[in-house]
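The values are calculated or read from the model by the stated rules, or taken from the named source; none is laboratory data. What you are looking at is a predicted structure, and each value in this text was computed from that prediction instead of being measured. Neighbour counts are summed over all protein chains in view; Cβ atoms, including those assigned to glycine, are modelled from backbone coordinates with ideal geometry.
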Amino acid sequence: MHLVLVESPTKAKKLSQFLGKDFSVEASMGHVRDLPKSTLGVDVDADFEPKYEISEGKTAIVAKLKKLVASADKVYLATDPDREGEAIAWHLQFLLHGSAKSSTKNPPKTTKTTTKKKGPEFVRSTFHEITKSAVDVAIEHSGTINMDLVDAQQARRVVDRLVGYMLSPVLWKKVRRGLSAGRVQSVALRLIVEREKEILAFKPEEYWEVTVLAQTSDSKDLSLRLTEVKGKPYEPTSKKDVDHVLEGLKKAAYTVSAVEQTERTRVSLAPFTTSTLQQAAANRLGWSAKQTMMIAQQLYEEGFITYHRTDAVILSTQAVEMARGLITTEFGKKYLPNEPRVFKKTSKNAQEAHEAIRPTDASIRTPNEGSAADPKHQKLYELIWKRFVASQMEAAIYSQTTVTVKGDDDYTLRTSGSVLQFDGWMKLFPNDGDTQLPDVKDGQKLEYKDVQALQKFTEPPARYNDASLVKTLEKLGIGRPSTYASIISVILDRGYVERKEKAFIPSAIGTTVSDFLVKNFPKELDYQFTADMEDDLDAIARGEKKWKAIVRAFFTPFQKNVKEVTKDAERTQVPVEETGESCPECKEGKLVIRSGRFGRFISCSRFPECKYTAKLVEKLGDMKCPTCHEGDIVIKRTRKGIPFYGCSRYPECSFASWKKPELPGGDTLTPVLTPTKESADSVQEGEVEQQEKI
């Protein structure tokens with residue numbers, strides 16, 4: 001009997017459909033061995049030797065797998081085709097292969113003899129897609145574990161453990177007990193904090209836009225923007241810059257002075273990588289990176305898409321032929337380029353898997369088996385399918401038109417628009433935003449209808465959301481696409497950042513932690529330094545560098561700095577917001593708003609002498625509940641911190657909604673913070689029940 005080991009039951013079930021009766025497929029349920037949770041788990045005096053142990057709750061699974069291995073002729077380690085999957089395979093082989101003796105060396109392959117069975121042969125099998133053909137090839141061409149990939153994963157795990165276990169106590173001593181820090185997460189937090197500071201420091205600048213509405217002889221409107229006055233660029237910054245031109249524009253005679261037409265093409269984007277998939281799902285579906293990766297994982301394990309953790313944009317020859325055949329059949333030859341489109345890798349360190357994310361079978365438009373029958377899975381699959389097929393379609397062709405109009409000799413006005421001549425790949429992604437212009441010719445007279453002057457102000461940079469944060473992390477080379485979802489989840493779970501209307505806003509404690517780390521650990525929090533570490537990890541994966549040398553080069557100066565900061569750095573206070581009310585318990589302190597792990601709450605300024613706390617309710621202005629018309633609409637949160645809107649009279653009134661309620665006419669109310677008598681530490685079981693009724 002041949003034993004095939006994978007991570008998940010879903011993957012095991014799918015593989016069992018392709019393999020014959022001579023194969024048994026079992027799941028390890030993820031990692032089976034890791035660094036201990038309660039101790040450092042890295043012997044820094046023994047050249048950073050990791051002290052791995054069986055993961056919590058995995059003892060029974062390991063025992064079961066050992067029994068299965070004992071009766072197997074051959075063991076196929078078929079975990080995911082990336083560094084983490086390689087490391088899981090290596091840990092499985094170490095635990096299940098009795099002759100392995102070192103945690104940092106690849107266990108030797110057992111050889112068969114005719115006199116005594118020493119155990120089954122362990123081999124490594126990888127496949128980029130879970131289809132019968134791919135699985136058959138992987139089983140037939142099995143090899144050995146790639147220790148370069150394992151070492152790269154070990155280096156990341158060890159460095160992250162050293163940073164977390166050595167920085168966190170510094171935060172406990174200098175900021176607040178219970179805080180934690182991470183190598184990459186702290187850098188992502190710095191991005192969000194610095195963006196928030198940019199927004200707060202931003203000073204809007206006034207500017208004006210003046211537009212004239214003119215009409216052609218056949219009564220078609222043409223909206224024109226004033227760009228020049230008496231031959232000079234017109235850039236008004238105040239009302240007085242506008243007033244003196246309005247009368248002249250009302251009296252001017254308008255003539256078309258130039259009509260410029262150009263043709264432009266727009267080629268399709270490359271098929272998805274992990275990063276671009278997360279960005280597209282955030283922009284088009286409103287999903288978090290974590291949700292996107294979870295659903296993509298299920299689509300992969302059920303055989304509908306190729307492996308979803310990849311930096312590559314290339315496609316296999318078979319995949320290109322599949323796409324081109326479908327395009328010809330479904331859309332016609334005019335949508336098919338003469339030659340297949342080839343995409344170059346997007347980064348110098350593109351690695352992990354061999355292909356972009358794509359459907360395993362393009363003829364499947366809507367998967368409807370297993371979890372893929374769920375609408376969310378279908379939405380993500382459709383996005384992947386369209387991007388893949390569009391990547392091999394002809395370019396879209398536009399006719400770009402710019403019209404210049406003269407208002408007497410004093411004013412120059414312009415407008416532009418485009419008309420889609422051939423949709424090409426955009427047949428799959430229709431664009432309704434084209435500006436349609438009436439047909440006008442040089443020298444044509446226009447009739448004045450109206451003039452409008454709009455006051456505007458420059459906008460601050462937008463807060464990061466899932467899509468823009470992932471894009472920035474990738475641009476800076478911080479982390480890797482497969483880690484972005486966990487990076488975002490960690491800073492949210494720690495309460496360092498809140499997600500409001502899909503944007504990330506740093507909390508007071510998050511800002512304090514970031515400022516402290518940037519001030520005292522400028523090297524470790526430097527963007528380029530963090531990116532260079534990723535380059536080093538990639539070099540380890542390619543076999544160009546040794547992992548312990550990289551860890552040693554990082555740890556020596558880091559350890560020295562930790563000791564100096566612990567000794568010399570000043571303690572930092574987390575800022576609080578005063579409410580102006582006196583503490584009802586001690587009568588001496590003032591009530592302040594603090595930030596904690598579960599959000600903001602009310603407490604006494606004399607803490608810890610006075611331990612009074614109260615829950616802080618976020619009320620939606622003066623809006624009353626649309627169901628009972630008595631309670632207020634308040635913002636509540638699920639156990640996972642997801643906000644929803646409910647009635648303050650719950651459980652008497654069960655109104656709850658994910659969507660922010662609106663006043664008649666579409667106006668919305670601003671949230672108002674209000675303290676209540678409930679303990680800030682209490683868990684509102686009813687809120688969870690209320691949320692589940694939405």
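Checking ILE357, ILE295 one by one, the residue that is touching a strand residue (DSSP E or B) at 6+ places or on another chain (Cβ under 9 Å), crowded, with 21+ Cβ neighbours inside 10 Å, within 28 Å of ALA503 (Cβ to Cβ) and hydrophobic (A, V, I, L, M, F, W, C) is ILE357 and no other.
Is there a residue in the stretch 49-58 that is on the phi > 0 side of the Ramachandran plot, outside any helix (DSSP H, G or I) and out of contact with any Ser or Thr (no Cβ under 7 Å at 6 or more places or on another chain)? Yes: the stretch 49-58 contains one or more residues that are on the phi > 0 side of the Ramachandran plot, outside any helix (DSSP H, G or I) and out of contact with any Ser or Thr (no Cβ under 7 Å at 6 or more places or on another chain). Would you confirm whether or not the stretch 133-144 contains a residue that is under 24 Å from GLY41 (Cα atoms), touching a helix residue (DSSP H, G or I) at 6+ places or on another chain (Cβ under 7 Å), in contact (Cβ under 8 Å) with a residue 12 or more places away in the chain and assigned to a helix (DSSP H, G or I)? For the stretch 133-144, residues under 24 Å from GLY41 (Cα atoms), touching a helix residue (DSSP H, G or I) at 6+ places or on another chain (Cβ under 7 Å), in contact (Cβ under 8 Å) with a residue 12 or more places away in the chain and assigned to a helix (DSSP H, G or I): absent.
Can you confirm whether the stretch 125-132 contains a residue that is at pLDDT below 95, more than 32 Å from the chain's Cα centre (by Cα) and surrounded by fewer than 20 Cβ atoms within 10 Å (Cβ to Cβ)? Looking through the stretch 125-132, none of the residues is at pLDDT below 95, more than 32 Å from the chain's Cα centre (by Cα) and surrounded by fewer than 20 Cβ atoms within 10 Å (Cβ to Cβ). Residues in the stretch 1-53 that are crowded, with 18+ Cβ neighbours inside 10 Å, β-branched (Val, Ile, Thr) and closer than 19 Å to VAL158 by Cα: VAL32, VAL42. The helices (runs of 4 or more DSSP H) falling completely within the stretch 192-305 that include 3 or more residues that are under 21 Å from GLN444 (Cα atoms) map to 239-251. In this structure, is LEU616 touching a Ser or Thr at 6+ places or on another chain (Cβ under 8 Å), buried (at least 17 other Cβ atoms within 10 Å of the Cβ) and not assigned by TED's automatic domain parsing to the domain that holds ALA188? Yes; evaluated as a whole, the condition is true for this residue.
Looking at SER24, SER55, SER38, just one residue is within 29 Å of the chain's Cα centre (by Cα) and polar (S, T, N, Q), and that residue is SER55. Tell me whether the stretch 272-292 contains one or more residues that are over 24 Å from MET393 (Cα atoms) and touching a Gly at 6+ places or on another chain (Cβ under 9 Å). No; the residues of the stretch 272-292 include none that is over 24 Å from MET393 (Cα atoms) and touching a Gly at 6+ places or on another chain (Cβ under 9 Å). Listed by first and then second residue, the pairs with beta-carbon distance under 6 Å, at least 6 apart or on different chains, first residue in the stretch 227-240 and farther than 11 Å from ASP410 by Cα, second surrounded by fewer than 11 Cβ atoms within 10 Å (Cβ to Cβ) and of a type in the set (S, T, N, Q), form an empty list.
One residue alone among SER219, SER238, SER275, SER257 is polar (S, T, N, Q) and on the phi > 0 side of the Ramachandran plot, and that residue is SER219.
Of the residues in the stretch 224-231, at least one is surrounded by 15 or more Cβ atoms within 10 Å (Cβ to Cβ), in the same structural domain as ASP439 (by TED's automatic domain parsing) and in contact with a helix residue (DSSP H, G or I) (Cβ under 9 Å, 6 or more places away or on another chain). Scanning the stretch 468-481 for residues that are surrounded by fewer than 21 Cβ atoms within 10 Å (Cβ to Cβ) and of a type in the set (A, V, I, L, M, F, W, C) turns up just one, LEU476. Residues being out of contact with any His (no Cβ under 8 Å at 6 or more places or on another chain), of a type outside the set (D, E, K, R) and under 30 Å from PRO367 (Cβ atoms) are entirely absent from the stretch 448-459.
Entry remark, the stretch 620-663: residues being on the phi > 0 side of the Ramachandran plot and modelled with pLDDT under 85 number 2 in total. Does GLU198 satisfy being in contact with a strand residue (DSSP E or B) (Cβ under 9 Å, 6 or more places away or on another chain) and surrounded by fewer than 16 Cβ atoms within 10 Å (Cβ to Cβ)? Judged against the criteria, GLU198 is not a match.
Counting the residues of the stretch 491-523 that are in a loop (DSSP other than H, G, I, E, B) and closer than 21 Å to GLY178 by Cβ gives 5. Here ASP73 meets each of (1) more than 20 Å from SER8 (Cα to Cα); (2) surrounded by 14 or more Cβ atoms within 10 Å (Cβ to Cβ); (3) of a type in the set (Asp, Glu) with one exception, condition (2).
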